[in-house]
Amino acid sequence: MGLLLYYITERKALAADEPTRRHRLLEKIAEATSSGIDYIQLREKDLTTRDLEHLAKQAIGVISEAKKLATDHKPLTAALLINSRTDVALAVEAAGVHLRANDVSPAEVRLCSAGTHARELSPRSQVISVSCHSPEEVAQATAAGADLALFAPVFEKKDTPGTKATGLSQLREACRNKIPVLALGGITLENAASCLNADAAGIAAIRLFQENEIAAVVRKLKMLN
């Protein structure tokens, strides 16, 4: 399995007004898809259900179009996950859902998927990533049937200096589980290598991707792997 890259959206950081935010976010999602990002988590928690569904549908369209326009022989793999909202993920036929640490379990999501007609695919086809803050939580997510664990915060984040970093030793321990563990929280091009050396399967980030040219970031990260 190659290096996994996971972009988490934050449209409010892109512009002051809402129309521009959404326009730039969709541009960033297209850029992420074209650059080889594997997972894009739509993390816009302030939106109403209706607005989130609308934005998610637009994002799916943008991802699909970017894949059609790809000129490289290697197919693009970007998959859209919806933060916490399993109902929205099913309604728009997103690739899956991201669950917070205190959310419903992956097993419950799969039961929900099995009981809905929103998708004709099998419940297992829903990709489920889970926020984890300790090796024990990663073990629990693994046992519950998650596909990916986002382990955070590995490093202290500048905008939340009071948040205690989990550190590389805890990340290494978390990576002993059987599902891919992605490092999240304060990740930069300078410290990403240390995460991969701790056996992280990949990198998850907001600012690292959103504030830079994604293709350049992807190239540099893949050189570390």
*Report, ordered by the first and then the second residue, all pairs with beta carbons closer than 7 Å, sequence separation of six or more or different chains, a first member in the stretch 43-72 that is more than 14 Å from Arg21 (Cβ to Cβ), and a second member that is among the hydroxyl-bearing types (Ser, Thr, Tyr) and part of a helix (DSSP H, G or I).*
Ile63/Thr33; Ala66/Thr33; Ala66/Ser34; Lys67/Thr33; Ala70/Ser34
*Please work out which one of (1) touching a residue at least 60 places away in the same chain (Cβ under 8 Å); (2) buried (at least 21 other Cβ atoms within 10 Å of the Cβ); (3) not acidic (Asp, Glu) is the condition Arg11 fails and give its number.*
(1)
*Kindly provide the set of residues from the stretch 40-57 that are surrounded by 13 or more Cβ atoms within 10 Å (Cβ to Cβ) and not acidic (Asp, Glu), ordered by number.*
Ile40, Gln41, Leu42, Arg43, Leu47, Leu52, His54, Leu55, Ala56, Lys57
*Taking strands (runs of 3 or more DSSP E) that fall entirely within the stretch 1-100, which contain at least 2 residues that are under 21 Å from Leu208 (Cβ atoms)?*
4-8, 39-42, 79-83
*Output for the stretch 101-115, where each listed residue is touching a residue at least 12 places away in the same chain (Cβ under 8 Å) and in a helix (DSSP H, G or I)*: Pro106, Ala107, Val109, Arg110, Leu111, Cys112, Ser113
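Residue by residue, here is whether (1) over 14 Å from the mean Cα position of the chain (by Cα); (2) closer than 21 Å to Ala78 by Cα holds:
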residue	(1), (2)
Thr9	no, yes
Lys12	yes, no
Ala16	yes, no
Ser35	yes, yes
Tyr39	no, yes
Asp46	yes, no
Asp51	yes, no
*Would you check if there is a residue in the stretch 195-212 being more than 26 Å from Thr77 (Cβ to Cβ) and modelled with pLDDT of 95 or more?*
no
_For the structure I just gave you, tell me whether Thr77 is modelled with pLDDT under 95, β-branched (Val, Ile, Thr), closer than 28 Å to Val109 by Cα and out of contact with any helix residue (DSSP H, G or I) (no Cβ under 6 Å at 6 or more places or on another chain)._
yes
*Could you tell me which residue of the stretch 14-29 is surrounded by the fewest Cβ atoms within 10 Å (Cβ to Cβ), considering only residues that are of a type in the set (A, V, I, L, M) and more than 16 Å from Ala94 (Cβ to Cβ)?*
Ala16
*Please list, ordered by first then second residue, the pairs with beta carbon atoms under 9 Å, 6 or more apart or interchain, first in the stretch 163-177 and part of a loop (DSSP other than H, G, I, E, B), second among the aromatic types (Phe, Trp, Tyr).*
Ala165/Phe155; Thr166/Phe151; Thr166/Phe155; Gly167/Phe155; Cys175/Phe151
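The values are calculated or read from the model by the stated rules, or taken from the named source; none is laboratory data. Everything numeric in this text was worked out from a predicted model, so none of it was measured. We place every Cβ from the backbone using ideal geometry, glycine too, and count neighbours over all the protein chains shown.
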